[in-house]
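A short write-up of the structure that comes next.
Each value in this text was obtained by applying a stated rule to the coordinates, not by laboratory testing. Note that the coordinates shown come from a computational prediction; the quantities given were computed from them, not determined experimentally. Counting neighbours? That spans all protein chains shown, and the Cβs are built from the backbone with ideal geometry, glycine included.
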Ligand code: ADP
């Protein structure tokens with residue numbers, strides 16, 4: 001179990017847990033401590049056909065994410081950022097290329113298999129869509145943990161406390177402010193203690209103070225060894241990132 005201090009401790013819970021708890025020795029988490037990228041995309045292609053028109057949303061995107069990196073994906077609207085996040089998360093299946101997470105192939109698998117791998121290895125933070133409206137914040141976290149099966153789990157109370165959300169644990173999504181929604185979304189994304197966090201415009205609707213708080217949380221998450229990839233238009237997010245990937249017309253341009 002991850003402790004409440006896990007978000008604020010640097011280099012903490014993963015190593016501690018592997019060290020103190022033999023039950024975790026064979027857990028999926030161990031893959032992330034192996035050298036090499038925790039997420040790798042190779043020549044990912046995605047096409048859409050709508051109204052007789054074909055859109056080449058991704059045209060051979062390759063990238064690697066190392067543990068502990070905060071990487072921002074930038075590019076104009078329509079350049080393929082959301083499609084890329086969806087393909088990397090296994091929410092969408094590319095038409096070509098491959099994605100591996102924590103040493104497991106995510107692409108060319110059935111949707112239930114992708115969902116299982118996602119639950120174990122990938123936290124996904126969408127602008128508003130990872131909270132279920134009729135469940136409270138703590139019930140949302142519990143649901144994701146249930147779906148994760150035997151995935152490693154964060155301690156729910158500790159996770160909410162570390163994100164400053166304990167007083168709002170019983171609130172429904174519609175009752176949360178923008179910053180609280182972002183933090184609740186992070187709690188859900190981190191519920192199964194994933195080695196990879198993918199976020200699509202996580203600060204898009206936040207004021208600059210709240211955005212700075214979310215960036216501070218992301219920095220603490222990367223300090224624990226989690227690899228974070230964020231698609232964002234925000235200069236503040238770009239400034240906080242270790243590395244920037246620029247998309248243009250579905251290709252990495254720099
Ligand atoms: P971004 O996130 O950078 O704004 P997207 O990944 O949303 O870009 O979109 C990339 C391109 O793919 C755009 O031209 C968009 O219209 C198109 N696209 C995305 N999703 C679909 C879809 N489900 N059906 C048809 N076209 C799509």
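Here are the numbers:
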| read-out | value |
| --- | --- |
| For region 64-218, convex hull volume per residue from C-alpha positions, Å³ | 121 Å³ |
| Simple spin-label estimate for residue 93 and residue 66 in nanometres, 7 Å along Cα-Cβ | 3.4 nm |
| Histogram of C-alpha separations across region 131-234, 10 Å bin width, % | 16, 49, 33, 2 |
| Full-extension gain in nm, residue 166 to residue 209, via 0.36 nm per residue minus C-alpha separation | 13.5 nm |
| Shape call, region 47-113: gyration tensor on alpha carbons, a/c limit 1.5 | oblate |
| Average silhouette area of region 148-197, convex hull of alpha-carbon atoms, in square nanometres | 3.7 nm² |
| Shape of region 171-227, Cα gyration tensor, a/c cut at 1.5 | oblate |
| Global geometry of region 114-158, whether rounded, prolate or oblate, following the gyration tensor of its Cα atoms and the 1.5 cut on a/c | oblate |
| At 0.692 mPa s and 37 °C, Stokes D of region 211-254 from Kirkwood alpha-carbon radius, µm² per second | 286 µm²/s |
| Mean separation of Cα contacts under 8 Å, 6 or more apart, over the residue count of region 75-132: relative contact order % | 25 percent |
